């Protein structure tokens, strides 16, 4: 399988961007926001430092307006993250029409996880694929591990993805076609996942992060290793009874619907815990098409 990813730059006839190829790093946490807020602030700062200073220039306030994310803006954002029990963030770079650098966060609408068993705190960190080309996959993997360290995740994943607004992927035929051509490219809809994922696992990805309770169902890291045979799969233990599963040295986008065997092997091992979207909000996909896409690494 080629290590080269497709170059995707889709635009509307008027030039407005629709989607581009990207890398996304995502984590899902079954904790009240107040418990994970200090770690979230730490991860925000790690991303900010790694990407360089003021690459994120604006964020959306609760009013729906965009505010400047200068030094004072970051201080305000940190205070809100620590003080607001139900925050909701979109952080973007400020230059140009396309946001190659992004952080999206959805806090839960619960005080205690048992009140809403499917809701999670969800965070996504986005990078342009040019970052991978310049710095290499080793540095991207290390960044993902640094971002993960302060967060009490149940699960997470990192790899190629379509950088687009959450509802456009299902509404645009050209994007739907690309989904099936490149099954290694995800389309994480963070708003949907924050409401529905619970303790399920999103997918088998280049980097798949597993915590509790799923890792415990395998009998820990050693039990998970015993089920995985491919030499391209490594299981690294992390602090707090968590692991990251890595599929090869480079992320893969896939070609003509095909992926390396290690992706299918991990997907089959995770199958009992894989997430299936229940509600097709703002989607032109039929339920059958959605299931076929969700099972693209299994069938």
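Taking segment 34-53, which residues are surrounded by fewer than 22 Cβ atoms within 10 Å (Cβ to Cβ) and either free of Cβ contacts under 8 Å to residues at least 40 places away in the same chain or farther than 20 Å from residue 131 by Cβ (or both)?
Across segment 34-53, the qualifying residues are 34, 35, 37, 38, 39, 41, 42, 45, 48, 49, 52, 53.
In this structure, does residue 138 turn out to be out of contact with any strand residue (DSSP E or B) (no Cβ under 6 Å at 6 or more places or on another chain) and in a strand (DSSP E or B)?
Taking the combined requirement at face value, the residue does not satisfy it.
Looking at the structure I just gave you, is residue 119 in contact with a helix residue (DSSP H, G or I) (Cβ under 8 Å, 6 or more places away or on another chain), in a helix (DSSP H, G or I) and at pLDDT below 95?
The answer is no for residue 119.
Condition test on residue 255, is it in contact (Cβ under 8 Å) with a residue 24 or more places away in the chain, out of contact with any strand residue (DSSP E or B) (no Cβ under 6 Å at 6 or more places or on another chain) and crowded, with 17+ Cβ neighbours inside 10 Å?
no
Within the group 10, 56, 23, which residue is free of Cβ contacts under 8 Å to residues at least 60 places away in the same chain, surrounded by 13 or more Cβ atoms within 10 Å (Cβ to Cβ) and outside any helix (DSSP H, G or I)?
Just one listed residue meets the conditions, 56.
Please enumerate the residues belonging to segment 99-116 that are farther than 16 Å from residue 82 by Cα and either surrounded by 22 or more Cβ atoms within 10 Å (Cβ to Cβ) or modelled with pLDDT of 70 or more (or both).
Residues satisfying the conditions are 99, 100, 101, 102, 103, 104, 114, 115, 116.
Using the structure shown, decide if residue 251 is part of a loop (DSSP other than H, G, I, E, B), farther than 23 Å from residue 194 by Cβ and within 20 Å of the chain's Cα centre (by Cα).
yes
All but one of (1) under 19 Å from residue 178 (Cβ atoms); (2) surrounded by 14 or more Cβ atoms within 10 Å (Cβ to Cβ) hold for residue 286; which doesn't?
(2)
Each row is one residue, and each column tells you yes or no for (1) in contact (Cβ under 8 Å) with a residue 24 or more places away in the chain; (2) over 30 Å from residue 18 (Cβ atoms).
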| site | (1), (2) |
| --- | --- |
| 175 | yes, no |
| 183 | yes, no |
| 201 | yes, no |
| 209 | yes, no |
| 213 | yes, yes |
| 216 | yes, yes |
| 220 | no, yes |
| 230 | yes, yes |
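Testing residue 28 on (1) touching a strand residue (DSSP E or B) at 6+ places or on another chain (Cβ under 6 Å); (2) under 23 Å from residue 130 (Cβ atoms); (3) assigned to a strand (DSSP E or B), one condition comes back false. Which one is that?
Status for residue 28: all satisfied but (2).
The values are calculated or read from the model by the stated rules, or taken from the named source; none is laboratory data. These numbers were taken from a predicted model, which means no experiment stands behind them. As a convention, Cβ positions derive from the backbone with ideal geometry for all residues, glycine included, and neighbour counts pool all protein chains shown.
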